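One structure is given below, encoded as structure tokens.
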Amino acid sequence: VQEYVKGMTLKQEVKRFGCFDEFQVRAVLDEVLVLLKYFQSQTVIHRDIKPANIIRRSLDNRLVAIDFGAVKDEVSHTAILDPDDPTPNTSFAIGTPGFAPPEQMAMHPVYASDIYALAATCLYLLTGKSPRRLGYDPLTGSICWRDRVEVSDNLAYVLDKMLQPVLAHRYQSADEVLADLHYQPTAEEVVQATSS
């Protein structure tokens with residue numbers, strides 16, 4: 001049984017009000033990263049973070065993750081490895097193409113999988129398009145998005161690192177993302193940057 005939450009999903013908000021700006025995306029990141037931090041503390045991987053599964057609750061305007069149907073699904077390794085079945089993954093809830101990272105599509109989700117999906121959600125909020133419609137770099141496997149939107153260098157860096165297809169290059173925790181998202185250079189770093 002899932003609790004009924006009255007409100008609009010982020011997908012519905014984009015359809016009704018248009019794409020989000022950087023300020024709105026940063027607010028979404030701040031709120032949802034706190035949720036992901038809580039999930040991780042409870043040893044939970046949501047596995048289906050996307051605009052349709054984040055709702056702005058009418059009661060208090062807070063963001064709430066919904067649809068936890070993929071969280072506790074058990075996956076049979078025999079089904080994945082069965083050479084007689086060319087599409088063994090179709091019967092399992094593994095996330096949404098375009099939002100789920102490569103390791104999750106390969107049936108090996110980790111905490112950082114939700115971080116990737118949240119960044120893909122941000123791309124949707126900024127562009128109004130599914131990330132897989134933005135295209136991929138054939139050499140790196142990264143989503144091609146930088147030429148589609150204008151955001152600060154800081155947000156671009158954070159989203160790029162959240163979206164790393166190689167798990168070892170991606171943020172591993174919500175705290176790491178939040179630290180970079182709110183990074184303020186010291187006066188010394190500003191002087192060094194302007195003098196070089």
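The values are calculated or read from the model by the stated rules, or taken from the named source; none is laboratory data. None of the values given here were measured: they were computed from a predicted structure. Neighbour counts are summed over all protein chains in view; Cβ atoms, including those assigned to glycine, are modelled from backbone coordinates with ideal geometry. Accessible surface is based on the protein model in full, side chains and every heavy atom, while ligands, DNA and RNA are left aside. Shrake-Rupley method; radii C 1.70, N 1.55, O 1.52, S 1.80 Å.
So how exposed is H169, as accessible area in Å² (1.4 Å probe, rounded to 10)?
Surface accessible to solvent at H169 totals approximately 110 Å².
On a 21 Å Cα-Cα criterion, which of the cross-link pairs K37/K161; K11/K161; K50/K161; K6/K129; K37/K129 come out too long?
Working: K37/K161 17 Å; K11/K161 23 Å; K50/K161 18 Å; K6/K129 25 Å; K37/K129 27 Å.
Beyond 21 Å between Cα atoms: K11/K161; K6/K129; K37/K129.
If T9, T186, T43 are ordered by their accessible area, calculated over protein heavy atoms with a 1.4 Å probe, which sequence runs from highest to lowest? Intermediate results must be reported in sequence, preceding the final value.
Values: T9 20, T186 75, T43 105 Å².
Largest to smallest exposure gives the sequence T43, T186, T9.
Can you give the FRET efficiency for R57 and R133, using 1/(1 + (r/R0)^6), R0 = 35 Å, r = Cβ-Cβ distance, to the nearest 0.05? Walk me through the numbers on the way to the answer.
On the way: r = 29 Å, r/R0 = 0.82.
With a Förster radius of 35 Å, E is 0.75.
Sticking with the crude label model, points 7 Å out along Cα→Cβ, report the distance from V44 to Q12 in nm, one decimal please.
Each label point is offset 7 Å from its Cα along the Cβ direction, giving 2.1 nm.
Quick one: accessible surface of V191, probe radius 1.4 Å, all protein chains present, in square angstrom to the nearest 10.
Around 90 Å² of this residue is reachable by solvent.
State, to one decimal in nm, how far the label point of H182 lies from the label point of S195, with both points 7 Å from Cα in the Cβ direction.
According to this spin-label approximation, the distance is 3.0 nm.
Not counting ligands, DNA or RNA, and with a 1.4 Å probe, what is E31's accessible surface area in Å² rounded to the nearest 10?
Its heavy atoms expose roughly 40 Å² to the probe.
Using heavy-atom solvent-accessible surface (probe 1.4 Å) with all chains present, what is the largest-first order of E176, E188? Show your work: numbers first, answer last.
Working: E176 80, E188 130 Å².
From most exposed to least exposed: E188, E176.
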